[in-house]
1. Please work out how much accessible surface Glu46 shows to a 1.4 Å probe, ignoring ligands, DNA and RNA, in Å² rounded to 10.
2. Please compute the length gained on full extension between Glu18 and Lys93, using 0.36 nm multiplied by the number of residues separating them and subtracting their Cα-Cα distance.
3. Put a dot 7 Å past each Cα toward the Cβ at Leu62 and Arg25; how far apart are the dots in nm?
Amino acid sequence: AAAAAAAGILAVTAGGDEREVKRQRRKQSNRESARRSRLRKQSECEDLHGRVQRLVNENAQLGTELDDLRVRYKALCREHEKLTGVAMPALPKSTYKRGGDVSGTGDSAMEADDAEELEAA
């Protein structure tokens, strides 16, 4: 298609001077280059979107695993305290924000869950 378009441009401008022909070729070349650039950019965006989706899924899995480990740790701490009478140190405040909360406000669902578990214990 590009060759046919280039041939059409040449046929139309064949009667013109050589500078016009070169200008038309350069314009066509620039159009093709811009088209390739747009396709490359689109492909890169699609690749990045796929990567984002994989990372979001991995983050959700890791968050679930972290939640499970925190619950298990708390249960083991309670069991340890019952057996020895010595309390284990509390977990440090988590910087993990469930649900993609990156606001930095500290209002995460994780902290609410921790407060509920402490009240229940």
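The values are calculated or read from the model by the stated rules, or taken from the named source; none is laboratory data. What you are looking at is a predicted structure, and each value in this text was computed from that prediction instead of being measured. FYI the Cβ positions are ideal-geometry reconstructions off the backbone, even for glycines, and counts take in every protein chain you see. What goes into the accessible areas is simple: the full protein's heavy atoms, side chains included, and nothing from ligands, DNA or RNA. Shrake-Rupley method; radii C 1.70, N 1.55, O 1.52, S 1.80 Å.
1. It works out to around 110 Å².
2. 19.6 nm
3. 5.4
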